[in-house]
1. Starting from the Kirkwood Rh over alpha-carbon pairs, what translational D in µm² s⁻¹ does the range 250-318 have by Stokes-Einstein at 10 °C and 1.306 mPa s?
2. Between Ala216 and Thr125, 0.36 nm times their residue separation minus their Cα-Cα distance comes to what?
3. Return the subset of Lys415/Lys478; Lys200/Lys231; Lys356/Lys498; Lys304/Lys363; Lys231/Lys415 for which the Cα-Cα distance in this structure is over 30 Å, preserving the input order.
4. By how many degrees, 0 to 90 and rounded to 10, does the Cα axis of helix 47-72 deviate from the longest principal axis of the chain?
5. Let me have the 222 nm mean residue ellipticity of the chain computed from DSSP H runs of 4+ only, each contributing -39500 (n - 2.57), with the sum over all residues rounded to the nearest 500.
6. Bin width 10 Å, origin at 0, all Cα-Cα pairs of the range 27-66: what percent of pairs per bin?
7. In degrees from 0 to 90, rounded to the nearest 10, what is the angle of the helix 477-497 Cα long axis to the longest principal axis of the chain?
8. Loop-only chymotrypsin sites (Phe, Trp or Tyr not before Pro) in the range 11-78, please: DSSP not H, G, I, E or B, and at most 15 other Cβ atoms within 10 Å.
Amino acid sequence: MNEWLSRFTARFSESSLPLAYSFAGFLFFVLLRTFLEVYREGYTLSAIQLAHYVLFYLALAMALGLIVHALTGQQVVKLLRLIFAGLIVTLLPPILDSTLFASHTPHYDYLRVKDIQALLHAYLTFFGPLAAKGISLGMRVEIGLICLLTFLYVQATTRSWPRAIAGMVASYTLMFFFVSIPVYLDWLAGPAGREATGFKEMPLIFALMVGIETLAVCTIEAPAFVREILKDTRFLRIVHYELLFFLGTAASPAALPAQGIELGLRAVLAFCAIWLIWIYSVMVNNVYDIEIDRVNEPHRPLVKGSVDPVRYVRVSRWVLLAALALALSAGVLVVMLTLLFGLAYFVYSAPPLRLKERCVLSKVVIGISSVSAFLVGYSLYSGNFSAPVGYVGAIFAWFTLGAYLIDLKDVEGDKAAGIRNLPTVLGLRRAQRVAAIAVAIAHAAAFWIIGRNGLGWTFLPIGALQFIAVNAKVYREKPILLMQNGLTAAVLLFVTLK
């Protein structure tokens, strides 16, 4: 039995074809299952429901792959090939429930119970008694078969009965958790509780799960590569954009507690989308700045040769797609602004425009990206872009003029590449003075736009401190970024408490 199972599973897991081929098979089974279910149940399928079903099975398959990897040590990609093929079992419920179990099959739904005792009873009794809506007999056969196949695979791979039993219990617990998620949403909704439809929250939950699981798979399969990318994210700069995102949410007229769980999930997805689009922007900049970085930043991955350049470019595109997918899950306005952010940095770094070589235009791009991050948060909570002109104007002026600082640490590399900016044209010391004046003007402009209040007055002393730091004989960027992020955090706190 074990030898037969090993040969059968090897046919899928040992394939040399790209994982996308196996994913196509997975998508075929899920869409066919959805078609059979909709045909049997007789309801109208919406785009949100379709996304819900696909993301449900994708999140489940990836989680199951990670569990089996932990028990067997097999490569996650090989396991996903096998699991994607094995999801042919998802066709069983609508077939069985329309034939063998047709006389006593409920309408399909998530498990819905009111308290922890009922939830525990359902767990220990294989989802409890049949109800008018819930887990059908066909679905229970599907779940039981997946548990059995997990048991057989782990036992055949490890020759360990305890691990095989642990795999069976873990896969059952995983599937029980997936089908009982509305119960936890009801509990989170407060003492009154509610019946969670799943049409709004569930796709967001599974999109977030898929994002986390994808990062886990990448880290397991290529830990050194992922580590190099994460080390190069330039933490203080991403903090800058995430603070602006939170500032946008705080400045919005809506409030999270009044909007519920759905909006909280969208905010998490938007936060992750901004993080990923920044990583993509850094990767694009690294690709086109290799010669400059040989002088200025020799520790960066492409310069020191710690990553394969072709793979690096390919991964950057997947990072972009992941950022846009998470942003789209959060909302149409979020994906538009996230794309604007990514494209701004692309035209800043890449030819033919490569705006970083044009002194004034390059700084406008930084201002646009900063405003985009702010508006992601604002539009998420308000449903539109109509943020107060004072906020948008202050942020644009503040970070467009303040962006002249980014050139001060890269003089030698920029000079070697023929880039014309303040330091290469005026020399470092003169450029420091001009940049310091620009920073002072930025803070004064923010003060003028926001007004003479507790928040506005904070811009003046911080601007003075940055003016002094920029003019220091030995220029250091980190203290200036810390002051800048500190001021943004202070603005965020002021707006939140206002």
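1. The Stokes-Einstein estimate is 109 µm²/s.
2. So the extension gain works out to 29.5 nm.
3. Among Lys415/Lys478; Lys200/Lys231; Lys356/Lys498; Lys304/Lys363; Lys231/Lys415, the Cα-Cα distance tops 30 Å for Lys200/Lys231; Lys356/Lys498.
4. 80 degrees
5. Computed ellipticity for the chain at 222 nm equals -25000 deg cm²/dmol.
6. 28, 53, 16, 2
7. Rounded to the nearest ten degrees, it is 70.
8. Passing both the DSSP loop test and the Cβ count: Tyr43.
The values are calculated or read from the model by the stated rules, or taken from the named source; none is laboratory data. Owing to the predicted nature of the structure, the values given are computational and were not obtained by experimental measurement. Cβ atoms come from the backbone with ideal geometry, glycine included; neighbour counts cover every protein chain shown. Quick note on the areas: whole protein, heavy atoms, side chains included, nothing else; ligands and nucleic acids left out. Shrake-Rupley method; radii C 1.70, N 1.55, O 1.52, S 1.80 Å.
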